[in-house]
Structures are given as structure tokens and as C-alpha cells.
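Student: Below is one structure. I have some questions about it.
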Number of protein chains: 2
Amino acid sequence: MTRSLTILGATGSIGRSTADVVLAHRDEFRVEAVVGGRDAAALAEVARRLGARFAALSDERGGETLKEALSGTGIASGAGQSAILEAVARETDVVLAAISGTAGLAPTHAALKAGRRIALANKESLVCAGEAFMADARRLGVEIMPVDSEHNALDHALAAGLNRDVEKAVITASGGPFRTWSKERIAQADADVASAHPVWSMGSKINIDSATLMNKGLELIEAHHLFGLEAERLDVLVHPEAIVHGLVQWRDGAVTAGLALPDMKVPIANALRHRERLQMDLPRLDLAAIGRLSFDRPDEERFPCLSLAKAALKAGGAMPTVLNAANEIAVEAYRAGRIRFYDISEMVESVCSTFSGRRLSAPAIVADALEIDREAREAAMGLMPAHA
Amino acid sequence: MTRSLTILGATGSIGRSTADVVLAHRDEFRVEAVVGGRDAAALAEVARRLGARFAALSDERGGETLKEALSGTGIASGAGQSAILEAVARETDVVLAAISGTAGLAPTHAALKAGRRIALANKESLVCAGEAFMADARRLGVEIMPVDSEHNALDHALAAGLNRDVEKAVITASGGPFRTWSKERIAQADADVASAHPVWSMGSKINIDSATLMNKGLELIEAHHLFGLEAERLDVLVHPEAIVHGLVQWRDGAVTAGLALPDMKVPIANALRHRERLQMDLPRLDLAAIGRLSFDRPDEERFPCLSLAKAALKAGGAMPTVLNAANEIAVEAYRAGRIRFYDISEMVESVCSTFSGRRLSAPAIVADALEIDREAREAAMGLMPAHA
């Protein structure tokens, strides 16, 4: 059966992998719309390759370029906020939501409100506005399928039992480039070194989050919302080979785990079809050839961002929104060479403690989340060293 | 909700572990009947501990001893074949079938025919008469839950998808005591050395089967019947730590795995309740503390019994029944010091090739399986060295 699909963030890394999956299964998918950010040429290219019916560019200035690039193809196009909303409003079975950052919140939420099944790759939707998203998903009966390899693995593992029998759901961390480094050495490392992720090739911001382990902290917050598990039932395990992505420990002592070679096409394919799996022409996991898998506890002393994220998850309310916003600003400053590695966690901690007195409740609508996000970014900016 | 339970093989290793599970969950289980082999005192003891209503001893000669040992307890008892059938006929939710060897076939099948849910620990039921068992289970709508840690792990992993999307189901082998030995050294090892299993403490026959890897071959045959997977979709992986017990590779490249510390109480608890898991007061798997898991391909050159079992599974018909019978005789002879290690596989191969010409179809009823079993044992006995 052919499923129709709209891709938000079609020109990014996840969007391109999704295009590969779709092109390998032309009979199974029909692409309704593709949405991109600023690169009109790249968006036109992916729209043509996928035979999409509609292409929407976020940046209004690229609208003409996009239109020209698609002339004669029969693919309709538009630019700006209204075009994105038009793309999302088009009837489709699944929306793959892969616009990165807080920019992804509004379009993803619009797709959810339209009742579309969501294959979710945008972390911020759940980190910043998890309560709002999940409440709407429950109310509308919309299924949210995680595209992250960790959450996708947990989703598989959770099929082996009931939520109430879960003692612990564990996501793994490759450990990033600083896994074996001393704290003193990490403190001196600049953003270029921190960006060199040992396993995944991702965007640079997300690579820094992997180096600080904030990435795993944010994933714990996502897991909390996706699977309805409290902070006490969530944990992180360091696993450099990045083969085991998630594990569920049951109350009878058994453990169910999700594994795969680190290739985003695996969780993407799964999120698009869920329990009915696609035939994927990819190398298979060969544990005998790999030989060994290793595991370690994360060191929250060297990677304090993980502690901060755990604390924000435990604190609840708007704290995860604040944490995420402060982290974005801090990572940006680190990448620009304005602050050092451990300034990231100090800045995040400082912003979180500023907000903790206000005891803000969890944003009930996306607009509230975006407002708290804005405030927290401002607070983080205020902490930036004057000399930089 | 309290479930009633009958335990076949209550005085054996699995039976005793089952008693531990039941005693730790007095509110959840009521024991209807316990069945033992020859040890009347041990059976009376377990019947009393569990507060069973009925105890049946296979060996008729122990009937009086059992009766005396239970006098005043209100626990009824009996001995011999009829008593076992009486035990099986008693109304109960689950029958844990853990009588070992072909002796377990008839009582297990009687429980199945009575429509009881089966928690199956008796390998031979499926190895010798898999078609008969599964056909009756399907016809009567009876659920068969595997107690083996490998099959229990596969059962969990298979929950993450559809059977038709399974590319491969893999069970792991610790590798036995000869995992790292040369063929020459293995050839000289006697049964005492072969019985020293590195992970599991089991009966001696099953320990020899672990040393030859025949155990894994028989488990492949079981998996074939339990999960409806052909020989081509089943495989074995060596994993000395015995933490990962089974893995399912899906056609999208993802893998779902079942893990647990090697303790039979985990799969027993799961088989008794299935998806609703019991709270078990056991040590939890701590991968960070374990540090590493290792994997290797099984060496069918050093462990030819695995090849023989795979060939028997592929050949189908009565060949698995023949293989199992020949192996039992050969292992007995090896344990008695009458033959050497590699005589086991040679004897099994020889008996299998004798029968292969007859192209016997798979036994459709248990009596046929037992008849083929008897013939194959005779053929194996005929191959025994005269000097021994």
C-alpha cells in the first residue's frame, strides 16, 4: 500500500536520508510536500527527485528562485510561513518532522494538529514543549514515532512488555570525542575538536552536544515524553561502538534491547512504517565480525551537562525549555570561540538557577514554550563574557 | 489475579527454580499439582512447601513412601502413569513442563491436549514431535511459552515486529568448556571435563550437549517449531558471557535482542506470566559493571554436532527425532567412558544417514515420535564399539 509523506526539513541530513529511503521504495511512498529552509536550489532538486507535489521554502526571499527551478515540473511551490503551513495542511499519511531547532516547533505542531502521524526527528518539539505536544497527540489520537536511533530502539524494546513493568529505559551514548580525555584536557579543547564525532556525522551543534553529553540529557527528556517514563526510570549508558541504541530493563530482571549499525536510514525507515518493516538494502549487523561491545557508566563529573539535563527533567515545569535555550546560546558561543568548554555547563546551570525561583509550569501551548525559550536565551546572552 | 499452576518435573533443576519463583509470589500462584520422577521424599517436600493439592510420582514403587511423607498434610498423592495423567487432567491455568528427556513427551502432550497453557522446558517435545505438538497447539488455541532463556529472549524480541519481516533469529551459545580448545585437545577430553559448563549449572547430559554444541542445534529445531521460522532464518552466535540470549534481525536492518543475567528464574517467571511481568528480587544486569560483551561465529569444524543438527532441521521429516535419539545414546556412552568426544558426532551422523534413505515423514502423533526414537536408539546401540 502506498503511503503519502510530507518531509519537513527535506534538505537537511535527516531529510536527505529520508529521500534515500523513499527513492529505494518508490512503490511504497508518494511524496506530497517537501519543506526546506533557505537553500532554494537544494529544495527544488529534492522535490524533483522525489516527485513531490508541493515545495515550500521557509525563507521568503528564495521563493522566486525556487519557482524558476521548478518551472515545467508541475511541482507547485511557495515561500515563507504561509507556504510552510500550506505544505503541512496538505492531506498526507505521515509527516517526517526534521526541521532542526526551535524553528521546527511550529510546523511540527501544525502537522500534529492536522492529525498527521508524525515521524519525529525534531528534538526541540518534545524538549521545549513536550507536555503540549503529547497532550495534543493523546487528544487527537496521533501517533508520534521517534526517528532518533535511541528512541526508535526503545520503542522496539518496549513492545516486549507493559509500560508499568519497565524498571528502567536506558539510552546509550557513544561518549563523544572526549570519552577518554581528562577533565583538564577537555577544558582546553576548542570547538573543532569537539565537533569530530567518532560515530555519527551530524550537524555541528549536535556534535558539540554529543561532546558535552547534553545530547543524551535532551534525549532523556524526549524519552520521558514519548514513553511516559519518569526521570527515575530513565538512564544513560556509555557504549562507544554505538550498536546498542536503547535498552529496557523489566521488573522481572529481563532486558530487551534495540541494536543496529549506526545508519539513520534504519530508524527513519522504521518510523515511516513502524511495525511493518521496509526491506532495506543496507549492510547487516555482524556481531561476530565486530567481536566486542563495550559499556561504561557516564562520568557526570567530566560531563556536567548530563547532570544538568537530568536535574531539569526532575524539576519539570519549564526547566527543560530553559535548559535547552541556554544550551543553544552557550554552544553557539563555544563554537564562535567566545567561551571555553566548561563555560557551556556553567552558563546553562546559571540560567537554570535564575529561572528556578520562578517555578514556571510546563508550557501548555507552543507559543508559551517559544516565549520561555526567548527569555532564557536572553538570560544566557546576558551571561556572555564582555571581552568576547 | 491468582493463577493455578501444575509443575511437571518439580524435583528437577527447573522445577526447583519454579518453586522459588512461586514461593516469592504466594499471592500470584496457587499450585494445583506437582509431578516427580523417582524421589518420593523430594517430591513430598516440594508439594508441602508449595501447598500443592496433588502430588504424582512417576515411579510406582515410591507411591507408599510418598503417601506416608504426605500424611496429615491433606495433599493427595498417587504413583505411576495413571497418577501423572490425573495430575495433568486437573484444572489449572498453566502447566510448567520440565520433565527431562523423552519421558516428558507424553505428560506434556497430555497437558496440551487438555487445553492448558504450557510453559515449556522439555526440549524433546518439540525436537522429537514438534509438528504434532504445534499442530495440536494451533488446533486447540493453546499458547506454548518457552522457558529456555534463548527462546524466551527470542519471544521478547519478536514482539517488535511481524514474523514475515524476520530475516534471521539468532540464539547464542556460551561456547561450552571447549570454546577455545584445539580440535586435537578436545578429541582427548573425557566427560568430566566436558561437563564443566562455564555459565549454567544444568544436568550432566545437557552439559555434554553444550560442549558439543548439539544443545544449540536442538534449540534451533525448537525455535523452528515455536516461531515458525525455517532453517534459513535461524542461526547461532557464540557469546561467552551468556548475557544476550537471542537476537532478531529485521529486514530493515534493525536488531532486537533479549538479555538477562544467566538465571533460569528470569525466563521461568516470564513463561508463567508472559507479557505481564512478575516483580523479581534478583540482581539486575549491569552492563557498565560487566564492561564488555564478546561475540564469535561457532566453529562447525570443531563442533560438528551443530552442523548435524542444522542438517537434520533442513532435512525435516523424522530426522530431528532420529538425531536426538542417536545423540542421547552417544552422550550416554561418552559419559560412561565407552566412546571419545568426536565419536558422538560420528555416531549421530551414521545413524542419521542410515535413516535418511527411509525419508520418514515428521511424526504426526507422539506415539509415532516415540517409535522412531526407539528405532534410532537401537541403531545407535548397534554402532557401539564391541570392546566397551
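Student: Residues of the stretch A:353-383 being touching a helix residue (DSSP H, G or I) at 6+ places or on another chain (Cβ under 6 Å) and open to solvent by less than 60 Å² (accessible area, probe 1.4 Å), which ones?
Tutor: Result: A:PHE355, A:ALA362, A:PRO363, A:VAL366, A:ALA369, A:ILE372, A:ASP373, A:ALA376, A:ARG377, A:ALA379, A:ALA380.
Student: Can you tell me how many residues within the stretch B:350-367 are without any contact (Cβ under 8 Å) to a residue 60 or more places away in the chain and in a helix (DSSP H, G or I)?
Tutor: The first filter runs over the stretch B:350-367 and keeps only residues without any contact (Cβ under 8 Å) to a residue 60 or more places away in the chain, leaving B:350-361, B:367.
Adding the requirement that they be in a helix (DSSP H, G or I) leaves B:350-356, B:367.
Total satisfying the criteria: 8.
Student: Which of the residues belonging to the stretch A:246-259 are of a type outside the set (A, V, I, L, M, F, W, C), open to solvent by less than 10 Å² (accessible area, probe 1.4 Å) and over 22 Å from the mean Cα position of the chain (by Cα)? Working first, answer last.
Tutor: Looking only at the stretch A:246-259, we keep the residues that are of a type outside the set (A, V, I, L, M, F, W, C), and these are A:246, A:249, A:251-253, A:256, A:258.
With the extra rule that they be open to solvent by less than 10 Å² (accessible area, probe 1.4 Å), the set shrinks to A:246, A:252-253, A:256, A:258.
If the condition is that a residue be of a type outside the set (A, V, I, L, M, F, W, C), open to solvent by less than 10 Å² (accessible area, probe 1.4 Å) and over 22 Å from the mean Cα position of the chain (by Cα), then A:ASP252, A:GLY253, A:THR256 are the ones that fit.
Student: Residues that are within 14 Å of chain B (Cβ to nearest Cβ) and touching a residue at least 40 places away in the same chain (Cβ under 8 Å): does the stretch A:177-200 have at least one? I'd like the intermediate steps shown before the answer.
Tutor: In the first step, residues of the stretch A:177-200 are kept if they are within 14 Å of chain B (Cβ to nearest Cβ); the result is A:179.
Pick out the ones that are also touching a residue at least 40 places away in the same chain (Cβ under 8 Å) and you get A:179.
Within the stretch A:177-200 (the criterion being within 14 Å of chain B (Cβ to nearest Cβ) and touching a residue at least 40 places away in the same chain (Cβ under 8 Å)), the answer is yes, since at least one residue qualifies.
Student: For B:ARG338, only one of the following conditions fails: (1) more than 8 Å from every other protein chain (Cβ to nearest Cβ); (2) buried (at least 18 other Cβ atoms within 10 Å of the Cβ); (3) of a type in the set (Lys, Arg). What is its number?
Tutor: Unmet for B:ARG338, out of (1) more than 8 Å from every other protein chain (Cβ to nearest Cβ); (2) buried (at least 18 other Cβ atoms within 10 Å of the Cβ); (3) of a type in the set (Lys, Arg): (2).
Student: Picking from A:PRO240, A:PRO262, which residue would you name as being open to solvent by 20 Å² or more (accessible area, probe 1.4 Å), under 15 Å from A:ASP148 (Cβ atoms) and in contact (Cβ under 8 Å) with a residue 12 or more places away in the chain? Spell out how you get there, then give the answer.
Tutor: Numbers: A:PRO240 fails: under 15 Å from A:ASP148 (Cβ atoms).
Just one listed residue meets the conditions, A:PRO262.
Student: Still on this structure: Going through the stretch A:1-14 one residue at a time, which ones are surrounded by fewer than 24 Cβ atoms within 10 Å (Cβ to Cβ) and either without any contact (Cβ under 8 Å) to a residue 40 or more places away in the chain or closer than 20 Å to A:ALA103 by Cβ (or both)? I'd like the intermediate steps shown before the answer.
Tutor: From the stretch A:1-14, those surrounded by fewer than 24 Cβ atoms within 10 Å (Cβ to Cβ) are A:1-4, A:12-13; that's our starting set.
The answer is A:MET1, A:THR2, A:GLY12, A:SER13.
Student: So, in the stretch B:16-30, exactly how many residues are surrounded by fewer than 24 Cβ atoms within 10 Å (Cβ to Cβ) and either closer than 17 Å to B:LEU105 by Cα or among the hydroxyl-bearing types (Ser, Thr, Tyr) (or both)?
Tutor: Selection size over the stretch B:16-30: 1.
Student: Would you pick out the residues in the stretch A:291-310 that are hydrophobic (A, V, I, L, M, F, W, C) and within 7 Å of another protein chain (Cβ to nearest Cβ)?
Tutor: The initial filter retains those residues of the stretch A:291-310 that are hydrophobic (A, V, I, L, M, F, W, C), namely A:293, A:295, A:303, A:305-306, A:308-309.
Listed by number, the residues that qualify are A:LEU293, A:PHE295.
Student: Output the number of residues of the stretch A:53-100 satisfying the condition of being open to solvent by less than 10 Å² (accessible area, probe 1.4 Å), more than 20 Å from A:MET145 (Cα to Cα) and part of a strand (DSSP E or B).
Tutor: Selection size over the stretch A:53-100: 4.
Student: While we're on this one: Mind telling me which of the residues B:GLY217, B:GLY203, B:GLY176 ends up being surrounded by 24 or more Cβ atoms within 10 Å (Cβ to Cβ) and at pLDDT below 95? Lay out the reasoning, then the answer.
Tutor: On the way: B:GLY217 fails: at pLDDT below 95; B:GLY203 fails: surrounded by 24 or more Cβ atoms within 10 Å (Cβ to Cβ).
None of the other options fit; the residue is B:GLY176.
Student: For B:ALA119, state whether it is under 16 Å from the mean Cα position of the chain (by Cα) and open to solvent by 30 Å² or more (accessible area, probe 1.4 Å). Steps first, answer last, please.
Tutor: On the way: under 16 Å from the mean Cα position of the chain (by Cα): yes; open to solvent by 30 Å² or more (accessible area, probe 1.4 Å): no.
No; evaluated as a whole, the condition is false for this residue.
Student: Specify which of the listed residues (A:ALA110, A:ALA56, A:ALA47, A:ALA121) is within 26 Å of A:MET264 (Cα to Cα) and in contact (Cβ under 8 Å) with a residue 60 or more places away in the chain. It would help to see each step written out before you state the result.
Tutor: Values: A:ALA110 fails: in contact (Cβ under 8 Å) with a residue 60 or more places away in the chain; A:ALA56 fails: in contact (Cβ under 8 Å) with a residue 60 or more places away in the chain; A:ALA47 fails: in contact (Cβ under 8 Å) with a residue 60 or more places away in the chain.
On inspection, the qualifying residue turns out to be A:ALA121.
Student: Do the conditions hold for A:ALA41, that is, is it open to solvent by 50 Å² or more (accessible area, probe 1.4 Å), over 12 Å from A:GLY9 (Cα atoms) and in contact (Cβ under 8 Å) with a residue 12 or more places away in the chain? Before you say what the answer is, go through the steps one by one.
Tutor: Details: open to solvent by 50 Å² or more (accessible area, probe 1.4 Å): yes; over 12 Å from A:GLY9 (Cα atoms): yes; in contact (Cβ under 8 Å) with a residue 12 or more places away in the chain: yes.
Judged against the criteria, A:ALA41 is a match.
Every residue, every condition in (1) buried (at least 22 other Cβ atoms within 10 Å of the Cβ); (2) β-branched (Val, Ile, Thr), yes or no:
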{"position": "B:GLY228", "(1), (2)": "no, no"}
{"position": "B:VAL244", "(1), (2)": "yes, yes"}
{"position": "B:GLU276", "(1), (2)": "no, no"}
{"position": "B:ILE290", "(1), (2)": "no, yes"}
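Student: Kindly indicate whether any position in the stretch A:227-234 is closer than 29 Å to A:ASP20 by Cβ and more than 14 Å from chain B (Cβ to nearest Cβ).
Tutor: Residues of the stretch A:227-234 closer than 29 Å to A:ASP20 by Cβ: A:227.
If we keep only those that are more than 14 Å from chain B (Cβ to nearest Cβ) as well, we get A:227.
Yes; the residues of the stretch A:227-234 include at least one that is closer than 29 Å to A:ASP20 by Cβ and more than 14 Å from chain B (Cβ to nearest Cβ).
Student: Please return the ranges of helices (runs of 4 or more DSSP H) entirely within the stretch B:144-231 where 2 or more residues are over 18 Å from the mean Cα position of the chain (by Cα). Can you show your working first?
Tutor: Numbers: elements: B:149-158, B:183-188, B:191-194, B:204-212, B:214-227.
Those helices (runs of 4 or more DSSP H) span B:149-158, B:183-188, B:191-194.
Student: Among the residues of the stretch B:146-170, how many are charged (D, E, K, R) and either at positive phi or open to solvent by less than 20 Å² (accessible area, probe 1.4 Å) (or both)? Quick ask: steps written out before the conclusion?
Tutor: Going through the stretch B:146-170, the residues charged (D, E, K, R) turn out to be B:148, B:150, B:155, B:164-165, B:167-168.
Restricting the remaining residues to those that are either at positive phi or open to solvent by less than 20 Å² (accessible area, probe 1.4 Å) (or both) gives B:150, B:165.
Qualifying residue count, the stretch B:146-170: 2.
Student: Further, regarding this structure: Within the stretch B:245-285, track down each residue that is more than 8 Å from every other protein chain (Cβ to nearest Cβ) and among the β-branched types (Val, Ile, Thr).
Tutor: B:VAL248, B:ILE268
Student: Of all residues in the stretch A:267-298, which are acidic (Asp, Glu) and in contact (Cβ under 8 Å) with a residue 60 or more places away in the chain?
Tutor: To start, the set of residues in the stretch A:267-298 that are acidic (Asp, Glu) comprises A:276, A:281, A:286, A:296.
Listed by number, the residues that qualify are A:ASP281, A:ASP296.
Student: Of the residues B:ALA196, B:ALA191, only one is touching a Phe, Trp or Tyr at 6+ places or on another chain (Cβ under 6 Å), at pLDDT below 95 and more than 23 Å from B:LEU154 (Cα to Cα); which? Give the derivation first.
Tutor: Details: B:ALA196 fails: touching a Phe, Trp or Tyr at 6+ places or on another chain (Cβ under 6 Å).
The unique qualifying residue is B:ALA191.
Student: Among A:ARG284, A:ARG275, which is of a type in the set (Lys, Arg), modelled with pLDDT of 95 or more and farther than 30 Å from A:GLY317 by Cβ?
Tutor: Details: A:ARG275 fails: modelled with pLDDT of 95 or more.
Within the list A:ARG284, A:ARG275, the selection yields A:ARG284.
The values are calculated or read from the model by the stated rules, or taken from the named source; none is laboratory data. Quick caveat: nothing in here was measured; it's all calculated off a predicted structure. All Cβ positions, even for glycine, are placed from backbone atoms using ideal geometry, and neighbour counts span all protein chains on display. Surface accessibility is based on the protein's heavy atoms, side chains included, excluding ligands, DNA and RNA. Shrake-Rupley method; radii C 1.70, N 1.55, O 1.52, S 1.80 Å.
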